[in-house]
Amino acid sequence: MTHLRLVPSPDEIALGGATLSLAEDPPFVVQATVHEEDTFLVLSADRSRVSVQEHPLRVIDRAYNARAETPGTVRLAAGDPTRLLAVIHDLDREPSTCEEWVLAALRAVLDLCVERQLASVALPLVGSVHGVLPARTAADLLVTALVQGPGRPYPRRIWLQLDGRERDLVGERLLRCSPA
């Protein structure tokens, strides 16, 4: 008699009420994408669009009077899919981010997914994209955010945007934390 044993897929891991995909390409339609951002939203600025119609003094005045976003928060930005800007960098600091801000931003992303009923999201290892936090630390913060908020109805699916090295490291860490 042959016995079959179900083993978790190395490409999909259940954690905190969501299914995390480690696939190279998104295996589902993504409703929102998360991007690392700084307090003045410079990192996601469209560098290809420069307004030559606006007077230079107005541009300088607007820049001078700009208000910084609070680290650890998330801003919604237009786009299809919706862009979620995780404000985790303060470019006036060295290092520009800290674990507390990353964890707060991850929690805010998850809360926004519930509020907006976003069933699927593409997520990099927030905190490690611009080389500040090690991938291992960023993965641990993601696990903490997911596990501390179980029972959320959204997001149901999370596609982790990882390179090959990160995929192996994160997959191993997530499998250890997964109840399956």
Take the stretch 151-170 and flag every residue that is at pLDDT below 80 and either more than 16 Å from residue 110 (Cα to Cα) or crowded, with 18+ Cβ neighbours inside 10 Å (or both).
-> none
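When the stretch 113-141 is examined, which residues are found to be out of contact with any Phe, Trp or Tyr (no Cβ under 9 Å at 6 or more places or on another chain) and either under 17 Å from residue 87 (Cβ atoms) or of a type in the set (Asp, Glu) (or both)?
Across the stretch 113-141, the qualifying residues are 124, 125, 126, 128, 129, 130, 132, 133, 138, 140, 141.
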Look at residue 122 and say whether it is crowded, with 19+ Cβ neighbours inside 10 Å and either at pLDDT below 95 or within 19 Å of residue 146 (Cβ to Cβ) (or both).
-> yes
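If you scan the stretch 24-47, which residues turn out to be of a type in the set (D, E, K, R) and over 28 Å from residue 90 (Cβ atoms)?
First, the residues of the stretch 24-47 that are of a type in the set (D, E, K, R): 24-25, 36-38, 46-47.
If the condition is that a residue be of a type in the set (D, E, K, R) and over 28 Å from residue 90 (Cβ atoms), then 24, 25 are the ones that fit.
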Considering only residues of the stretch 133-146 that are more than 15 Å from residue 169 (Cα to Cα) and either of a type in the set (Asp, Glu) or crowded, with 18+ Cβ neighbours inside 10 Å (or both), which is modelled with the highest pLDDT?
-> 145
Filter the stretch 94-117 for residues that are more than 12 Å from the chain's Cα centre (by Cα) and charged (D, E, K, R); the one that is surrounded by the fewest Cβ atoms within 10 Å (Cβ to Cβ) is 94
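Keeping to the stretch 165-177, report how many residues are out of contact with any helix residue (DSSP H, G or I) (no Cβ under 8 Å at 6 or more places or on another chain) and more than 10 Å from residue 23 (Cα to Cα).
To start, the set of residues in the stretch 165-177 that are out of contact with any helix residue (DSSP H, G or I) (no Cβ under 8 Å at 6 or more places or on another chain) comprises 167-168, 171-172, 175-176.
Next cut, more than 10 Å from residue 23 (Cα to Cα) only: 168, 171-172, 175-176.
Matching residues across the stretch 165-177 total 5.
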The one condition residue 91 fails out of (1) within 25 Å of residue 154 (Cα to Cα); (2) surrounded by fewer than 23 Cβ atoms within 10 Å (Cβ to Cβ) is (1)
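The values are calculated or read from the model by the stated rules, or taken from the named source; none is laboratory data. Keep in mind the model is a prediction, meaning the values are calculated, not measured. Neighbour counts are summed over all protein chains in view; Cβ atoms, including those assigned to glycine, are modelled from backbone coordinates with ideal geometry.
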